[in-house]
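Chemist: Can you keep this structure in mind? I'll have questions shortly.
Taken together, the values in this text are just the output of simple stated rules run on the coordinates, not laboratory data. Because the structure is a prediction, the values reported are computed rather than measured. Here the Cβ positions follow ideal geometry from the backbone for every residue, glycine too, while neighbour counts run over all protein chains shown.
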Amino acid sequence: MSHRAHIVSALLGSIAATVALAGGSLVAAQERGVAGDAAAGKQLYYDHGCYGCHGFNGETGARDLVATGSPIIADVATFTTYLRLRADAAPLLPSTRMPNYPESALGDAQVRDIYAYVRTFALDAPGIEDIPALEAILDAAGREYVP
Amino acid sequence: MTKETDQRLPLDRRGFLKGAATGAAAMVVSVPSADAQAPQRAPNGTVAAAAPSAEQLARDAGNVRPPAVAGRAVNRPGSDLMTQVLKDLGVEYVAGNPGSSFEGLQESIVNYGDPPNAMPEFITALHEESSVDMANGYGKAEGKPMCAILHGTIGIQHASMAIYQAFYSGTPLLMLAGRDDGFIQAHTANDMAALVRSYTKWDAQPTTLSGCLDALQEAYRQAITPPTGPTLVVIDMELQKEEAGDLVAPAYRPPAIAGIDATTAREIAQALLDAENPRIAVGRLRTPEGVRRAVELAELVGASTSTAALQGPMSFPQRHPLTGPGASTAYDFTLGLETGPADVGIVGPGVYTLSGTRDAMQVGFGGLRANGPAGGIGAPAAATFTTRFDVDAEASLPLIVDEVQRLVTRAERRTIEERSARHAAANREAYVASVRQAVEDKRIGWDASPVSTARIYAELWPLIMNEDWCLASPSNFSGGHHRELWEHNRPYSYLGGQGAAGMGYGAGACGGAALAAKRRGRFVVNVQTDGDMNYTPGVLWTAAHHRLPMLTIMHNNRAWHQELMFLEFMAGIRGRGTDRAHIGTTLRDPFIDYKKMAEAYGMAGEGPISDPRELRAALERGVATVKRGEPYMIDVITQPR
């Protein structure tokens, strides 16, 4: 098995294990993965430009992180494996796909810190009924067209 | 290349000056010495333009006294007639920053006519790129040309980026470039239009006054005839200054734009009437009249329609009851108007069809290659049509409408009414469902700080939904949330992208759209990306100076954010980490204060706002200010996308 295939296999295994934990065990799995320093992770999240795709709060951008159910952030092991995964995937064109992060560029301790910060993200948006602008937009959607 | 070669110029520059020289002694000041103008031969044998003389530099810097004129040499300058031609064409504005090569024409625009400086009005720009961007924004909004005026070779080169974008967009606009052979040689060329010929539709450099008047009219005709695009007339200073005598401006003849023939129109009309569930796919038409005709046809036959109004101007109203998939997607006949797929498509030529003749240097601009990988900009794939007519759809619509009105029976009218009602109900239901999903999506990150781009669009919409508004800025870098939340019902609701995806377009294009809006009681929205703003910030002064109704909301993510992501990825796949990807891609240290930038240019504004709870009140103030006829800026610190 090639190095790349090994990594893919490891990732898939990790994801499968995570998915198996879904439901009542998910919270425990999440807590097990959070071992870093979230405050340090916040600075790393900014310094390494993670906010670029995931938003400063994980709620916006091209790849938001909250409420997605992504197994990739279910535990730190899976998260680390994912960051390390695609070291030989040179792009032919500019891409906004996730960069990879070899250990030489982002050590395991730093990954744990970033992970700890990412896991602080929470979906705390108010309901539509509490947002007047969105309520107004919904109301207007039903109005008659006027040429 | 189209270039006038009329050799009937009665006098050369110096001969003219001699003949007109009632104040000859003073006028000598403006005539360069022969030595100063002698071409300089470089060591390698090439001939370089001469450096400007001290007199020339003094004149350019304004350090000369006005000539003591004993009497008027010219009573009816040629540039008055040029201005009259622009008036007759209905040109509302000429945007430019001043240049000595067109001072004759500028003087006529601001002084000739009653009232002077009206139709056209001279708009003071701070950069030629802004002048052409303004004409681009105006042309997209109105479907007709505005003028930009450029100073010699240097003005054309400043404008070149904006011309390139307008060409890609197929925007009709008219450019005038002054040429003053014999003054600063570096500002002159034998064939000045060659600088931008690859991406202009048509150009001329007339050699007589009458030829110039004809060229102005032809340039206008060419600009609005498919494939629509920017055109350029190079005007010698001598023609602007010369005595017109009893010459009169020629009457304008509108272009004859080819559409389908009557037989084809009848067949299409019959096919629409025979279909049980006809469909009309609508792309970008040329003018508001084309949109009106498309609506008329769809209503006559009860066809559900698609629209391109969420991508750019001049398409079918988004909330028209017939817009949407309709009650059934089992369409048995589809007519395509400047788009496909369709059983019968009417698709006029795009500017890509010009690349073979206009790109004389064979640069081969990627998106304009007729045989390029994408088939050229605006070139729909042939496979998307069963039958295709390569003529203008808008010019074809009146014939089809007439045929439908002639052919439709009383029984068919009842069927059409019932079908239209079914479509309207289905489309309304689908639209409300889509908005319900959209607001659920936009709710995410509502309270995030910095402010989410979705919240900007969502908070603004209720404040302007009952206004006559125009979103003139591209939205591709700010999330495009208006597409899911706003209703694009006017030909100018959204003016689309930059054209060639180049930066520096947004503020200028919005300024041009605001020029159109000012006379029509509209309200222009500019969701302005920060990277783009810093190319041509002088537009803010133009907006303040001319009292343009333009609300600018900075999408201030403090970066050229797409490039930041690209560099992160590149560093990442090379295993070098992403912690230095901000170098050269971000706008930090120091942060740029756009409120102060606006203030410096004389525009009211506020910010920076990073607390989303402050956004609504700021937008209310901005909307109120713009409704009073003044521009306003709100600097919002935003999430990256």
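Chemist: Using the count of nearby Cβ atoms within 10 Å as a rough guide to exposure, how do B:167, A:79 rank from fewest to most?
Modeler: Least to most surrounded, the residues fall as A:79, B:167.
Chemist: Between B:158, B:147, B:169, whose Cα lies farthest towards the positive end of the dipole of region B:67-199 when Lys and Arg beta carbons carry +1 and Asp and Glu beta carbons carry -1, centred on the Cα centre?
Modeler: Checking the options against the dipole of region B:67-199, the answer is B:169.
Chemist: Also, quick follow-up: Using a Förster radius of 25 Å, what is the FRET efficiency between residue B:246 and residue B:87 based on their Cβ-Cβ separation? Nearest 0.05, please.
Modeler: Numbers: r = 19 Å, r/R0 = 0.75.
It comes out at approximately 0.85.
Chemist: While we're here: ³J(HN,Hα) across region B:626-632 via Karplus (A = 6.51, B = -1.76, C = 1.60, θ = phi - 60°), whole Hz, x for Gly/Pro?
Modeler: Values per residue, Gly and Pro as x: 5, 5, 7, x, 10, x, 8 Hz.
Chemist: Next up: Please report, in debye to the nearest 20, how large the charge dipole of region B:85-195 is about its Cα centre when each Lys and Arg carries +1 at its beta carbon and each Asp and Glu carries -1 there.
Modeler: It works out to roughly 240 debye.
Chemist: Please turn the phi angles of region B:403-414 into ³J(HN,Hα) values with the Karplus equation 6.51 cos²θ - 1.76 cosθ + 1.60 (θ = phi - 60°), one per residue in order, whole Hz, x for glycine and proline.
Modeler: Calculated HN-Hα couplings, in order: 5, 4, 4, 6, 8, 5, 9, 4, 5, 5, 4, 4 Hz.
Chemist: While we're on this one: Evaluate the distance, in nm, between pseudo-label points positioned 7 Å from the Cα of residue B:583 and of residue B:520 along their respective Cα→Cβ axes.
Modeler: 4.9
Chemist: Also, quick follow-up: Can you give the relative contact order of region B:272-330 as a percent, counting alpha carbon pairs under 8 Å and 6+ residues apart?
Modeler: About 36 percent, as a whole number.
Chemist: Next question, about the same structure. If I take every Cα pair under 8 Å that is 6 or more residues apart in region B:444-637, average their sequence separation and divide by the length, what percent do I get for the relative contact order?
Modeler: 24
Chemist: Just in region B:497-601: which chymotrypsin sites (Phe, Trp or Tyr not before Pro) are loop by DSSP and have at most 14 other Cβ atoms within 10 Å? Mind dumping the intermediate values first?
Modeler: Working: sites: B:505, B:523, B:535, B:541, B:560, B:566, B:569, B:591, B:594, B:601; in loops: B:505, B:535, B:560, B:591, B:601.
Answer in residue order: B:591.
Chemist: Over chain B, what is the relative contact order in whole percent, taking alpha-carbon pairs under 8 Å and six or more residues apart?
Modeler: Value for chain B: 12 percent.
Chemist: What is the magnitude of the charge dipole of chain B about its Cα centre, with +1 placed on the Cβ of each Lys and Arg, -1 on the Cβ of each Asp and Glu, and no other charges, expressed in debye to the nearest 20?
Modeler: Details: 60 positive and 70 negative charges, 134 e Å.
Dipole magnitude for chain B comes out near 640 debye.
Chemist: Order by neighbour count: A:78, B:638, fewest other Cβ atoms within 10 Å first, most last.
Modeler: Neighbour counts put them in this order, fewest first: A:78, B:638.
Chemist: Please give the net charge around residue B:249, taking every other residue with its beta carbon less than 11 angstrom from that of residue B:249, where Lys and Arg add +1 and Asp and Glu add -1.
Modeler: Details: positive: B:87; negative: B:80, B:88, B:214.
Within the 11 Å Cβ shell, the charges total -2.
Chemist: Sticking with this structure for a sec: Which of the listed residues, B:552, B:500, B:541, is farthest toward the dipole's positive end in chain B, when Lys, Arg count +1 and Asp, Glu count -1 at the beta-carbon?
Modeler: Among B:552, B:500, B:541, the one farthest towards the positive end of the dipole of chain B is B:552.
Chemist: Considering every residue in B:310-322, what mean count of other chain Cβ atoms within 10 Å of its Cβ is obtained?
Modeler: Other-chain Cβ atoms within 10 Å of each residue's Cβ, averaged: 1.
Chemist: Can you list the residues, at least 5 places off or on another chain, whose amide H is less than 5 Å from the amide H of residue B:125, using H built in the peptide plane?
Modeler: When sequence neighbours closer than 5 places are left aside, the close amide H contacts are B:96, B:97.
Chemist: Under 27 Å Cα to Cα from residue B:596, which lysines show up? Leave out anything in the same chain fewer than 8 places away.
Modeler: B:518, B:627
Chemist: Shifting gears a bit: If you take each beta carbon of peptide B:461-467 and count the beta carbons of other chains within 10 angstrom, what is the mean?
Modeler: Averaged over the peptide's residues, the number is 3.
Chemist: Right, another one. With the dipole of chain B worked out from charges on the C-beta (+1 for Lys and Arg, -1 for Asp and Glu) around the Cα centre, which of B:470, B:73, B:227 lies farthest toward the positive end?
Modeler: In chain B, that residue is B:470.
Chemist: Give, rounded to the nearest 20 debye, the magnitude of the charge dipole that region B:444-637 has about its Cα centre when Lys and Arg contribute +1 at Cβ and Asp and Glu contribute -1 at Cβ.
Modeler: Values: 20 positive and 20 negative charges, 95 e Å.
I would put it at about 460 debye.
Chemist: Is it possible to state the helix-based mean residue ellipticity at 222 nm for chain B, with each DSSP H run of 4+ residues giving -39500 (n - 2.57), the sum divided by total residues, to the nearest 500 deg cm²/dmol? What is it?
Modeler: -12000 deg cm²/dmol
Chemist: A further question on this structure: For region A:55-71, take each phi angle, set θ = phi - 60°, evaluate the Karplus expression 6.51 cos²θ - 1.76 cosθ + 1.60, and give the result in whole Hz per residue in order, putting x for glycine and proline.
Modeler: x, 5, 10, x, 9, 10, x, 5, 9, 5, 10, 9, 6, 9, x, 5, x
Chemist: Would you mind counting up the charge near residue B:498? Only other residues with Cβ under 10 Å from its Cβ, with Lys and Arg at +1 and Asp and Glu at -1.
Modeler: -2
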